[in-house]
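Notes follow once the structure below has been shown.
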Amino acid sequence: MSTLLQPLDVTAIRKDFPLLSRVLHGKPVVYLDSAVSGQMPLPVIERMSKYERDEHTNVHRGVSTLSQEATDFFEAAREKVRKFIGAGSIKEIVWTRGTTEAINLVAQTFGRMTVKAGDEILLSAMEHHANIVPWQMLAEEKGATLKVIPMNNAGELILDSLDELITDRTKLLGLIHVSNVLGTVNPVKQIIARAHARGVPVLVDGAQAVPHLRVDVRDLDADFYVFSGHKLSGPTGIGVLYGRLELLEAMPPWHGGGSMIRNVTWEKTTYLGAPAKFEAGTPAIAAAIGLGAAIDYLTELGLDRIAAYEHDLLAHATERLERIPGLRILGTAKEKASVISFVVEGIHPHDMGSLLDGDGVVVRAGHHCAQPVMTRFNVPATTRASFAYFNTRDEVDVLVSSIIKAIELFK
Amino acid sequence: MSDPRELYQQVILEHNKKPRNFGKLEACTHHAEGHNPLCGDELDLTLIIENGLVQDIKFTGSGCAIDVASASLMTGAVKGKPVAEAEAMAEQFRGMVRGELEPGTQTPLLGKLTLFSGVKDLPSRVKCAVLPWATLHAALKGEEEASTE
């Protein structure tokens, strides 16, 4: 990271987020929940609104000027995604509804094609349910089993045994890039190299990674890389499946319908190539264009500047939270993104969540769709604060005093 | 939306800290387990019912303050009462916290349990307050499990 970077002008940035001026229960809202869903800046909202107002029609349909225009915007957004994650071709960028749908797509096409009875799917101990359940369903269907890469008490994967966990029966490794609960940044590149050495393809769940760090799928050598628009300052309802072209071409289609066919007769249908093969039906056009605008917005701010700024917030928050007696941070990995889960002795995370809410502080309390992580750390739930590039050190301080107030109340 | 902090009154905080009737009745006549999958609240309720009266009631489990205080106050409120009255209280309590009662409805059976009326403005917490009552209802009906799913 260059020290020559100009810091972000957060005061100016905050003006792009109208929600940040809201008042909750008489207090200015402090939005520390970007890991649940990022806020969309005005340029994104305006771009989507312009599409719906002035440009709305369908894509890949007919010869009308409007349809061509919409198709161009839609495909330009795909190109923005390609460039953003360093993919080689736009054919490798498949639109989905989100991370979850992208993983289900891979499980039900690539997975069904490759996993047989007795095979193994290897996952990490810190996966989100989205990267567990689709594989569990597939394993049940095929008579395959799931194996798990363990983690230590700091929330770092224990990779000593990785070469033993990968066997001749391993058909896929599913790996979260950044843990949504612990904030851990996993050494994805290293793990992929070790999996590839054994001929095992890797799917990376990048939902929490893309908002915080620069991702280059070719440098990582990922076979599949998936993420959601709404964690990336974009809208809900849109997500991305990156797949190596060779794999996408070998995979069968998923949903059948319009937009994915080459030719249909009563006897037989032939399909288009990737990505169209996986995009049956009318897509979320405004959302895709919105995601393109979000990528423009983040690129203009500078991903490295965002990462540096968020890292400072994380360090500040960690330092302040660690000083609160009775508070325990879950996830103390050396490499972390700006996500902090914590528990406080004697206060259930849901009570903490409600009390923080009373102070206008928006956090997530719950199991974060990662119940095996809760079990691993022997807690029913945690409270999680996540920091984005529009948050400030002052907001971190509001969180800290609100937690201290809650502790006082429960004394 | 009301201020969530208003819910955390002293009585609720105190019952959370020192729950009444906490434990397990080995010689119980009725028993049910309650789960709140959203929060991970777990409740184990045991009762001794004789001659149509709730002679004794105890609970164990873990959960948020709203859940624990609700269970503590519930066990105190129904102990010694006829089963039919306990059922009626459960009905009124659920109506109150779900905001399903007609405006102006009196809830004479609930007494200090009306402390929980504020929960109706916090939809995400309604299930926490209701779990003990749903578990009681299940136990009285002879069901082993209750869920607020």
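Being in contact (Cβ under 8 Å) with a residue 40 or more places away in the chain and out of contact with any Lys or Arg (no Cβ under 8 Å at 6 or more places or on another chain) narrows it down to one of B:Ala84, B:Ala69, B:Ala88, so name that one. Reasoning before the result, please.
On the way: B:Ala84 fails: in contact (Cβ under 8 Å) with a residue 40 or more places away in the chain; B:Ala88 fails: in contact (Cβ under 8 Å) with a residue 40 or more places away in the chain.
Exactly one of B:Ala84, B:Ala69, B:Ala88 is in contact (Cβ under 8 Å) with a residue 40 or more places away in the chain and out of contact with any Lys or Arg (no Cβ under 8 Å at 6 or more places or on another chain), namely B:Ala69.
Which one of these is over 18 Å from B:Thr148 (Cβ atoms), buried (at least 17 other Cβ atoms within 10 Å of the Cβ) and at pLDDT 95 or above: B:Leu73, B:Leu47? Walk me through it before giving the result.
Working: B:Leu73 fails: over 18 Å from B:Thr148 (Cβ atoms).
Result: B:Leu47 is the single residue among B:Leu73, B:Leu47 that is over 18 Å from B:Thr148 (Cβ atoms), buried (at least 17 other Cβ atoms within 10 Å of the Cβ) and at pLDDT 95 or above.
Consider A:Ile306 against the criteria (1) under 18 Å from the mean Cα position of the chain (by Cα); (2) in the same structural domain as A:Leu213 (by TED's automatic domain parsing): it satisfies all of them except one. Which criterion is unmet?
(2)
Report whether or not A:Ala307 is over 18 Å from A:Arg82 (Cα atoms) and surrounded by fewer than 16 Cβ atoms within 10 Å (Cβ to Cβ). Walk me through how you get there before you give the answer.
Values: over 18 Å from A:Arg82 (Cα atoms): yes; surrounded by fewer than 16 Cβ atoms within 10 Å (Cβ to Cβ): no.
Here the answer is no, as A:Ala307 does not meet what is asked.
In the stretch A:381-405, what count of residues is obtained for those that are free of Cβ contacts under 8 Å to residues at least 60 places away in the same chain, not small (Gly, Ala, Ser) and not in a helix (DSSP H, G or I)?
Pass one, the stretch A:381-405, residues free of Cβ contacts under 8 Å to residues at least 60 places away in the same chain: A:381, A:383, A:394, A:401-402, A:405.
Imposing the further condition that a residue be not small (Gly, Ala, Ser) reduces the set to A:383, A:394, A:405.
If we keep only those that are not in a helix (DSSP H, G or I) too, we end up with A:383.
Count: 1.
Considering only residues that are aliphatic (A, V, I, L, M) and either under 23 Å from A:Glu345 (Cα atoms) or within 10 Å of another protein chain (Cβ to nearest Cβ) (or both), which ones fall in the stretch B:7-28? Don't jump to the end; show me each part of the working.
The first filter runs over the stretch B:7-28 and keeps only residues aliphatic (A, V, I, L, M), leaving B:7, B:11-13, B:25, B:27.
Residues satisfying the conditions are B:Leu7, B:Val11, B:Ile12, B:Leu13.
The rows are residues; the columns are (1) in a loop (DSSP other than H, G, I, E, B); (2) touching a strand residue (DSSP E or B) at 6+ places or on another chain (Cβ under 9 Å); (3) modelled with pLDDT of 95 or more; (4) buried (at least 24 other Cβ atoms within 10 Å of the Cβ).
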| site | (1), (2), (3), (4) |
| --- | --- |
| A:Asp160 | yes, no, yes, no |
| A:Thr167 | yes, yes, yes, no |
| A:Ala193 | no, no, yes, no |
| A:His196 | no, yes, yes, no |
| A:Pro211 | yes, yes, yes, yes |
| A:Arg214 | yes, no, yes, no |
| A:Asp219 | no, no, yes, no |
| A:Tyr242 | no, yes, yes, yes |
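Out of A:Ala70, A:Ala117, A:Ala107, which single residue is under 30 Å from A:Lys50 (Cα atoms), aliphatic (A, V, I, L, M) and assigned by TED's automatic domain parsing to the domain that holds A:Ala195?
Criteria check complete, one pass: A:Ala70.
Just to be sure, is A:Leu247 in a helix (DSSP H, G or I), in contact (Cβ under 8 Å) with a residue 12 or more places away in the chain and out of contact with any Gly (no Cβ under 6 Å at 6 or more places or on another chain)? Spell out the reasoning first.
Values: in a helix (DSSP H, G or I): yes; in contact (Cβ under 8 Å) with a residue 12 or more places away in the chain: yes; out of contact with any Gly (no Cβ under 6 Å at 6 or more places or on another chain): yes.
Here the answer is yes, as A:Leu247 does meet what is asked.
What is the residue count in the stretch B:29-54 for residues that are in contact with a His (Cβ under 8 Å, 6 or more places away or on another chain) and within 12 Å of chain A (Cβ to nearest Cβ)?
4
Look at the stretch A:314-337 and say how many of its residues are crowded, with 16+ Cβ neighbours inside 10 Å, over 20 Å from the mean Cα position of the chain (by Cα) and not hydroxyl-bearing (Ser, Thr, Tyr).
7
Would it be correct to say that A:Ser354 is at pLDDT below 95 and under 30 Å from A:Met374 (Cα atoms)? Even if it seems obvious, please write down each step before you answer.
Numbers: at pLDDT below 95: yes; under 30 Å from A:Met374 (Cα atoms): yes.
Criteria met by A:Ser354.
Only one of B:Thr75, B:Thr105, B:Thr60 is in a helix (DSSP H, G or I) and over 18 Å from B:Leu7 (Cβ atoms). Can you tell me which?
Working: B:Thr105 fails: in a helix (DSSP H, G or I); B:Thr60 fails: in a helix (DSSP H, G or I).
It is B:Thr75.
Would you point out the residue of the stretch A:74-110, among those that are of a type in the set (A, V, I, L, M, F, W, C) and in contact with a Phe, Trp or Tyr (Cβ under 7 Å, 6 or more places away or on another chain), that is farthest from A:Asp296 (Cα to Cα)?
Filtering first and then ranking leaves A:Ala107.
Only one of these conditions is not met by A:Lys277: (1) surrounded by fewer than 20 Cβ atoms within 10 Å (Cβ to Cβ); (2) under 26 Å from the mean Cα position of the chain (by Cα). Which number is it?
Answer for A:Lys277: the failing condition is (1).
The values are calculated or read from the model by the stated rules, or taken from the named source; none is laboratory data. This is a predicted model, so every value here is computed, not measured. Note that we place each Cβ from the backbone using ideal geometry, even for glycine, and neighbour counts take in every protein chain shown.
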